[in-house]
1. If I filter the stretch B:213-235 for residues that are among the hydrophobic types (A, V, I, L, M, F, W, C) and within 17 Å of B:Gly129 (Cβ to Cβ), do I get at least one hit?
2. From the list B:Gly180, B:Gly184, B:Gly149, B:Gly170, pick out the single residue that is within 14 Å of chain A (Cβ to nearest Cβ), over 25 Å from the mean Cα position of the chain (by Cα) and under 18 Å from B:Ile273 (Cα atoms).
3. Which residues, taken from the stretch A:105-137, are within 11 Å of chain B (Cβ to nearest Cβ), in contact (Cβ under 8 Å) with a residue 12 or more places away in the chain and surrounded by fewer than 21 Cβ atoms within 10 Å (Cβ to Cβ)?
4. Does the stretch A:54-74 contain at least one residue that is more than 14 Å from chain B (Cβ to nearest Cβ), farther than 12 Å from A:Ser142 by Cα, touching a residue at least 12 places away in the same chain (Cβ under 8 Å) and surrounded by 15 or more Cβ atoms within 10 Å (Cβ to Cβ)?
5. Quick check on B:Ser164: is it more than 12 Å from chain A (Cβ to nearest Cβ), within 21 Å of A:Thr114 (Cα to Cα) and either out of contact with any Pro (no Cβ under 8 Å at 6 or more places or on another chain) or of a type in the set (Ser, Thr, Tyr) (or both)?
6. So, in the stretch B:222-237, exactly how many residues are assigned to a helix (DSSP H, G or I), surrounded by fewer than 18 Cβ atoms within 10 Å (Cβ to Cβ) and within 26 Å of the chain's Cα centre (by Cα)?
7. List, please: which pairs have Cβ atoms under 9 Å, are six or more places apart or on different chains, and start with a residue in the stretch B:314-333 that is over 19 Å from B:Leu394 (Cβ atoms) and end with one that is in a helix (DSSP H, G or I) and among the β-branched types (Val, Ile, Thr)?
8. Is it the case that some residue within the stretch A:54-69 is touching a helix residue (DSSP H, G or I) at 6+ places or on another chain (Cβ under 9 Å) and under 27 Å from B:Ala156 (Cα atoms)?
Amino acid sequence: MSDQKKPKRRDFLFTASYAIGAVGVGAAVWPLVDQMNPDNSVKALASTEVDVSSVEVGKSITVLWRGKPVFIKRRTQEEIAEARAVKLDDLKHPEKDEDRAKNPEWLVMLGVCTHLGCVPLSDKGDYNGWFCPCHGSHYDTSGRIRKGPAPKNMEIPKYEFVNDNTIKIG
Amino acid sequence: MSDHNYVPSSKLGKWFNDRLPLLSLSSHLREYPTPKNLNYWWTFGGILTFCLMAQIITGIVLAMHYVAHADLAFDSVEHIMRDVNYGWLIRYFHANGSSMFFLAVYIHIFRSLYYGSHKSPREVIWIIGMIIYFLMMMTAFMGYVLPWGQMSFWAATVITNLFSAVPFIGESITNWLWGGFAVGNPTLTRFYSLHYLFPFLILGLVILHIWALHIPGNNNPIGIDVKKPSKDTVPFHPYIVIKDLFALLIFLILFAFFVFYAPNLLGHPDNYIEANPLVTPTHIVPEWYLLPFYAILRSVPDKLLGVIAMFASIFVLVILPWLDTSKIRSAVFRPMYRQFYWILVVDVLLLGYMGAMPAEGTYLLIARVATSYYFIHFLIILPILGHKEKTIPLPLSITEPVLEDSTNKELNN
């Protein structure tokens, strides 16, 4: 007992027991934490096909994908021109419209404000795009954040044109 | 205290008390010496205990009829309102009960701030109280989500999205909270489970809160220690019990007014529209008791900093006993603090009003000034004031100021 510096056989046993105990507790807690993550039935709803043949120029539809609204907007030539004329330096989250809308006529994006998740209103706001009523974020005709508290542009989900009239999201 | 020498009168009582001293505890609670100068602002502890019990009892009953499922929840609440015997009464009592609970807790907290009840040696009581307050906010928020109306859904969306401000892992946290990629059925069922659990955590903390209170004893309006228990205190029962009950009755009149005459006044009509993930209501506001924090959140233009400011506004309250450097507890003897106290009250009310208004133009400007002042009060004014302020001399004892003014001094002696 006089020499405190030198670890004893017993100290080793204590440390090893605590370490094994901690691993055991961690292993027991993990399932209790992970059960809250999205489950298999939720993940299984990964893709949606949408028929867009009835959408006229200048109009948009909103569909539900994985519990979130997706805006599918058929943009007018003016809206496309407006989105493409913006200089990247003016953007809070710089992204080219060309990268956001592969087919310039169709803008497909999550209709979720990147601030706190509200659904922005279309054809509103200072930039002719979307306006979020919750905390006042303004988006342009490419869904890019221009003014307000939101940090990012509205997200573009993974999607593809299955044929001319059908978009597959996810 | 007096319970150490308590001996039950009956033989059976003594037998039981030797094995589990519940009778000693009961004796302690009855005899507990309470400063005799407590005013009606001290009755809110009892009122809050009533509120908690009322919420638990009405909540357990509502849980017998409510269905926690995204497709059924809204209808089951309407079923409670229309079909269940007295369901309307029980639900209105529970829903308005949360507002009354917060009203009482705000008065209770501001009473502490005025009379310095958070100061040494009562810091632990205060911190437990702040944890209770935080759990109350979480419980109320999750309860508000359960009817699955438009306000429920979008309140859940906005509040859980606060965590998406966390750098790098924000999205993982929100998906974990939701159990999906948006607020949905898994979110509803877990909120239901936790909404049932948290009141019992609060109950446990309330017991610790009262236990911690019974170590130093109550603070009092002049904020000085009890010098002579026989002169300065009265037993809790019957003096304080009767006073608390009288205050509770007055409080219940207000409670009953809301339940019977204005049951939806404090709610929001949009919550009678079933949740729709495709449409956000044009003007979403939280319940009135969360508005000051909502105003702080919105007054910061950056998302992450806004969330940090909101949590910081609660955290400064937790560390308040060390921010307020004045040794004098009661504002009665702190003329400068008294002014700043009322400015803070106005500031918080103003923040609450701004939280209900759209975040733009003049409203936003006022909210920003009020948010700044809130932090200036706690982080700059209070620490400096404790050193600079010229305080009024304290009386020698709790009894002294009473006896000085008394005309029949000899009677009291």
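The values are calculated or read from the model by the stated rules, or taken from the named source; none is laboratory data. Every value quoted in this text rests on a predicted model; they were computed, and no experiment measured them. Glycine gets a Cβ as well: all are built from the backbone with ideal geometry, and neighbour counts include every protein chain shown.
1. yes
2. On inspection, the qualifying residue turns out to be B:Gly184.
3. From the stretch A:105-137, those within 11 Å of chain B (Cβ to nearest Cβ) are A:110-121, A:124, A:131-137; that's our starting set.
Of the ones still in play, those that are also in contact (Cβ under 8 Å) with a residue 12 or more places away in the chain are A:110-116, A:118-121, A:132-137.
Passing the criteria: A:Leu121, A:Pro133, A:Gly136.
4. The answer is yes; a qualifying residue exists.
5. no
6. 1
7. Every condition considered, the pairs that remain are B:Leu317/B:Ile109; B:Val318/B:Ile127; B:Val318/B:Ile131; B:Ile319/B:Ile127; B:Pro321/B:Ile127; B:Leu323/B:Val316.
8. Initial filter on the stretch A:54-69 (touching a helix residue (DSSP H, G or I) at 6+ places or on another chain (Cβ under 9 Å)): A:57-58, A:66-67.
Next, only the ones that are under 27 Å from B:Ala156 (Cα atoms) stay: A:66-67.
Yes, there is a match, as at least one residue in the stretch A:54-69 is touching a helix residue (DSSP H, G or I) at 6+ places or on another chain (Cβ under 9 Å) and under 27 Å from B:Ala156 (Cα atoms).
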